[in-house]
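Chemist: A single structure is presented below for examination.
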Amino acid sequence: MSEPAEDHQHIDRVEQLAKAARLTARDAQRDEGHKALFFEGPEHIGKSSLLFEIYERHKRDGVYFVDLSRTAMDRDVLEALAMQARSQQVDVPSYRTTRDRFAEQAASTQVSLTNVRARDSAIQLLTRSEDHSLRTDALSDALLDNLIGDSRRPVFCLDAFEACAQPMRDWLGRRLLPNLLTRREASVFVAGREVPRLSHPYSRAVHTLALLPFDVDAVSDWIEALGFVSLRDKAVTIQRTHGGVPGLLAEYFAYHREPEEVDPARLDGHGPTGATGDQDGRDG
């Protein structure tokens, strides 16, 4: 899936969300020193939840979310972005034109290569024209030209970088992300157990934040937000038991059930239980 679930869970990350707000601000508060935030941390630390919240906060600006664990190739990422653009009523004519042109060239090349009379030089020329990196660069440029403009300052969220195979990592770190970072109107967020290490000068545009486990105060705030009265005095134990790891805490809270309050009327025989007993006696 290329878009986050509708029932995303926001885990409060005040510092990170404040930095995200400055990065994407449209006024003097905008952080001109950085164009991207990378969120790094172990499994279940809340990276995806943080990206989902950023996604939700920027829907009005145009926002794109790609789960990299579900994309096998660079073309899959570009197609996911193009599909989301169309759902946001953003047309991508340059991308479609470039994609169709390369598709026609690929078909023509296949026909030519089956011709036994083709000379070696012609085969080499056709092969070079189908160079994968050149095609992908052209597709990426065409797509981003359509997605980013003076009237649009879109936000790009890329999740699960650690799931990418090496060719995809190379493309993201050397091609797509630098392309995005050279465009002033774009803001970029990447999350993963590992995150891209960009070369100079692009590395200067990135701020990497390590996500830490929740402390006791954060766990207490979460308990209050959920309305779990019976857990108010247990925040320290809960935090220590689960190491402050948001994913483990979320699972614990999901299975917690508050004790039912006992209705005093049921204890003195005037509640529904007592009425039932009277009815049974009359029937007897």
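Chemist: How many residues are among the charged types (D, E, K, R) and either without any contact (Cβ under 8 Å) to a residue 12 or more places away in the chain or not in a helix (DSSP H, G or I) (or both) when one looks only at region 218-232?
Modeler: Counting residues in region 218-232 that are among the charged types (D, E, K, R) and either without any contact (Cβ under 8 Å) to a residue 12 or more places away in the chain or not in a helix (DSSP H, G or I) (or both) gives 1.
Chemist: Run down PHE52, PHE39 and say which single residue is modelled with pLDDT of 90 or more, within 22 Å of VAL195 (Cβ to Cβ), of a type outside the set (Val, Ile, Thr) and part of a strand (DSSP E or B).
Modeler: Details: PHE52 fails: part of a strand (DSSP E or B).
Exactly one residue qualifies, and that residue is PHE39.
Chemist: Could we say that SER230 is more than 24 Å from the chain's Cα centre (by Cα) and either at pLDDT below 95 or over 28 Å from VAL66 (Cα atoms) (or both) here?
Modeler: Spelling it out, SER230 is indeed more than 24 Å from the chain's Cα centre (by Cα) and either at pLDDT below 95 or over 28 Å from VAL66 (Cα atoms) (or both).
Chemist: With ALA235, ALA254 as the choices, which residue is at pLDDT 90 or above, more than 16 Å from GLY46 (Cβ to Cβ) and among the hydrophobic types (A, V, I, L, M, F, W, C)?
Modeler: When all the criteria are applied, what remains is ALA235.
Chemist: Just the residues that are open to solvent by less than 50 Å² (accessible area, probe 1.4 Å), among the aliphatic types (A, V, I, L, M) and modelled with pLDDT under 90, please, taken from region 21-36.
Modeler: Selection gives ALA25 alone.
Chemist: What pairs can you find where one residue is in region 235-247 and touching a residue at least 24 places away in the same chain (Cβ under 8 Å) and of a type outside the set (Gly, Ala, Ser), the other is open to solvent by less than 30 Å² (accessible area, probe 1.4 Å) and not in a loop (DSSP other than H, G, I, E, B), and their Cβ atoms are less than 6 Å apart, with a gap of 6+ or different chains?
Modeler: So the pair list comes out as GLN239/VAL219.
Chemist: Looking at region 81-104, which of the residues that are of a type in the set (A, V, I, L, M) and part of a helix (DSSP H, G or I) is nearest to SER151 (Cα to Cα)?
Modeler: ALA85
Chemist: Those residues that are over 12 Å from ASP74 (Cβ atoms), in contact with a helix residue (DSSP H, G or I) (Cβ under 9 Å, 6 or more places away or on another chain) and not in a loop (DSSP other than H, G, I, E, B), I need them from region 139-157; list them, please.
Modeler: Within region 139-157, ASP141, ALA142, LEU144, ASP145, ASN146, LEU147, ARG152, VAL155, PHE156, CYS157 qualify.
Chemist: Take the residues in region 62-80 that are open to solvent by 30 Å² or more (accessible area, probe 1.4 Å) and in a helix (DSSP H, G or I), then tell me which one is nearest to ASP131 (Cα to Cα).
Modeler: ARG75
Chemist: Residue check, ARG174 against (1) outside any helix (DSSP H, G or I); (2) open to solvent by 40 Å² or more (accessible area, probe 1.4 Å); (3) not polar (S, T, N, Q), all met but one. Which one?
Modeler: (1)
Chemist: Do the conditions hold for VAL188, that is, is it within 21 Å of ARG22 (Cβ to Cβ), in contact (Cβ under 8 Å) with a residue 12 or more places away in the chain and open to solvent by less than 20 Å² (accessible area, probe 1.4 Å)?
Modeler: yes
Chemist: If a residue must be open to solvent by 30 Å² or more (accessible area, probe 1.4 Å) and within 20 Å of LEU50 (Cβ to Cβ), how many such residues does region 196-217 contain?
Modeler: Here the count works out to 7.
The values are calculated or read from the model by the stated rules, or taken from the named source; none is laboratory data. It should be emphasised that the depicted structure is a prediction, and the values quoted were computed from it without experimental measurement. Counting neighbours? That spans all protein chains shown, and the Cβs are built from the backbone with ideal geometry, glycine included. The protein model used for the area step is the full one, side chains on, heavy atoms only, and it has no ligands, DNA or RNA in it. Shrake-Rupley method; radii C 1.70, N 1.55, O 1.52, S 1.80 Å.
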